[in-house]
Every structure is written in structure tokens, then in C-alpha cells.
1. Looking only at segment 37-54, which residues are open to solvent by less than 20 Å² (accessible area, probe 1.4 Å) and free of Cβ contacts under 8 Å to residues at least 40 places away in the same chain?
2. Can you tell me how many residues in segment 55-79 are of a type outside the set (D, E, K, R), more than 12 Å from residue 44 (Cα to Cα) and open to solvent by 30 Å² or more (accessible area, probe 1.4 Å)?
3. When you scan segment 103-124, do you find a residue that is in a loop (DSSP other than H, G, I, E, B), farther than 26 Å from residue 183 by Cα, at pLDDT below 95 and open to solvent by 10 Å² or more (accessible area, probe 1.4 Å), even just one?
4. List every residue pair whose Cβ atoms lie under 6 Å apart, where the two residues are 6 or more positions apart in sequence or sit on different chains, the first residue falls within segment 172-191 and is crowded, with 17+ Cβ neighbours inside 10 Å, and the second residue, located anywhere, is outside any helix (DSSP H, G or I).
5. Limited to segment 82-100, what total is found for residues that are open to solvent by less than 90 Å² (accessible area, probe 1.4 Å), touching a residue at least 24 places away in the same chain (Cβ under 8 Å) and over 18 Å from the mean Cα position of the chain (by Cα)?
6. I need every pair where a residue in segment 116-139 that is of a type in the set (D, E, K, R) has its Cβ under 6 Å from the Cβ of a residue that is in a loop (DSSP other than H, G, I, E, B), sequence separation at least 6 or different chains.
7. Within segment 46-79, work out how many residues are of a type in the set (A, V, I, L, M, F, W, C) and within 16 Å of the chain's Cα centre (by Cα).
8. Would you point out the residue of segment 125-138, among those that are surrounded by fewer than 22 Cβ atoms within 10 Å (Cβ to Cβ) and in contact with a strand residue (DSSP E or B) (Cβ under 8 Å, 6 or more places away or on another chain), that is farthest from residue 45 (Cα to Cα)?
Amino acid sequence: MGSSINTLSIDHQVWDNLLRKYVDGQGNVDYKGFASDGEQLNTYLEYLAKNPIAKSAPKEEQLAYYINLYNAGTVQLILEHYPLKSIKDIFRPWGKDRIKIGDESFSLGEIEHDVLRKMNEPRIHFAINCASFSCPKLLNKAFSASTMEEQLNRAAFDFINDSSKNKISSNTVAISKIFKWYKDDFTEENNLTEYLNRYSDIKIQKGSEIDYLTYDWSLNER
């Protein structure tokens with residue numbers, strides 16, 4: 001991704017401070033409060049734009065860069081259109097180029113599909129947030145390379161065992177549409193039930209029928 005600067009490590013402290021301040025433990029966001037610190041958010045995104053992560057950086061550094069970039073870019077997008085009821089009220093929220101990396105602009109969709117999904121780490125789907133109630137929660141701290149494995153595991157456990165997002169019993173399963181939309185990402189090495197059982201507190205029996213819940217796109221506002 002174009003730029004002459006190759007950064008091997010990024011400081012996400014500014015983003016971390018903002019998340020601790022404006023996001024609660026359930027991932028609900030105080031967008032009104034966030035707007036008062038909009039300048040800090042813009043500064044953080046400018047810092048990421050000027051310091052693209054190098055392809056030679058450790059995978060954890062790259063994951064931290066792109067997950068935080070995606071989530072910060074999403075919050076910025078909401079703030080630019082606030083107040084609103086849903087991210088879907090915005091024209092092409094994931095299709096329009098709005099995120100700067102080096103000298104180029106990218107859409108949120110490109111960061112998700114062309115970068116993060118190609119990193120062979122399905123847990124990114126529990127880490128990136130689309131500002132909606134049915135999304136995995138926005139973590140109230142930044143992702144960092146040094147705690148990446150722990151944070152991705154925690155995000156997977158939290159999402160899969162959250163009964164407002166997935167309804168799991170040993171023989172009936174109604175889960176998030178995320179597992180339908182990105183099924184291939186979760187089933188490269190095993191089937192969907194086996195993937196869920198890695199993280200689910202309630203073990204699902206083999207051959208259980210899987211249904212998908214309606215996705216709630218309303219704003220994840222505190």
C-alpha cells in the first residue's frame with residue numbers, strides 16, 4: 001500500500017485513550033462525547049495515514065494497524081453524519097474511498113476484504129465494528145501487537161457467547177449473519193459447528209441445524 005515510509009510499529013495510545021473515555025464495557029459508544037474530541041480522532045487517523053505499516057512488519061503489528069484504522073475510520077464516519085439512526089443511512093458507507101493510507105485512499109470495504117480478510121485470521125470479524133447493535137462490540141481499548149492473540153481470543157469468546165448476538169443451546173443454534181456472510185473464512189479448517197465450539201461455553205451437538213438471526217443495524221449508541 002503506497003507510501004515511501006515503512007513503519008514497523010505504531011503507537012495507538014491516542015485511540016486507546018478515546019475508546020476508554022467514550023465506549024462502555026458493552027461496546028456502546030457515546031458519540032456526542034466523541035464528537036467533542038473529534039480533532040484528536042482526526043489527528044490519530046492522520047498519524048496512521050502518514051505512517052503506513054510495512055508489509056515486513058510482524059503480523060500482529062499489521063493486524064493492530066488495520067483493525068484500529070477500520071474502527072477509528074468507522075467512528076469518524078458516524079461523527080461526520082451524526083445524529084443518525086443507522087450506518088446504513090449513509091450513502092455507500094463501506095464503498096466510498098475515505099480512509100487515507102500513505103498517498104492513497106481506501107474504502108472501509110477494501111480494508112476489510114482486501115487487507116484484513118487476506119491475513120488468514122477469521123477472528124478479525126469479531127474485532128472490527130460496524131457501529132451497529134448486531135456487530136461484535138467495539139472494544140473499549142485499542143488493539144495492540146503485544147496483546148493481539150489475547151484480544152482476538154477474548155473478542156471471539158465475548159461475541160459467540162453474547163446471547164443478544166447468538167442464541168446457542170446444545171441442539172438448537174441461531175447465530176449472527178456474520179457466520180453466513182463470511183462462512184468461508186470460518187470453515188477453511190473445519191465446519192461451522194466445530195469453529196463455534198472452540199469458543200462457545202455451550203457445546204453444540206454434531207449435526208445441529210443452524211439458523212441465522214435478523215441483523216440489527218441500529219446505531220450502537222450509549
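The values are calculated or read from the model by the stated rules, or taken from the named source; none is laboratory data. Values in this document were obtained by computation on a predicted structure and should not be read as measured data. Every residue, glycine among them, receives a Cβ derived from its backbone with ideal geometry; neighbour counts consider all protein chains shown. In case anyone asks, the SASA skips ligands and DNA or RNA and just uses the protein heavy atoms, side chains included. Shrake-Rupley method; radii C 1.70, N 1.55, O 1.52, S 1.80 Å.
1. Passing the criteria: 41, 44.
2. Count: 4.
3. Looking for residues that are in a loop (DSSP other than H, G, I, E, B), farther than 26 Å from residue 183 by Cα, at pLDDT below 95 and open to solvent by 10 Å² or more (accessible area, probe 1.4 Å), one finds at least one in segment 103-124, hence yes.
4. Sorted first by the residue in segment 172-191, then by its partner, the pairs are 173/204; 173/208; 173/210; 175/166; 176/165; 176/166.
5. Summing the residues that are open to solvent by less than 90 Å² (accessible area, probe 1.4 Å), touching a residue at least 24 places away in the same chain (Cβ under 8 Å) and over 18 Å from the mean Cα position of the chain (by Cα) in segment 82-100 gives 2.
6. 137/27
7. Looking only at that region, the number is 8.
8. 133
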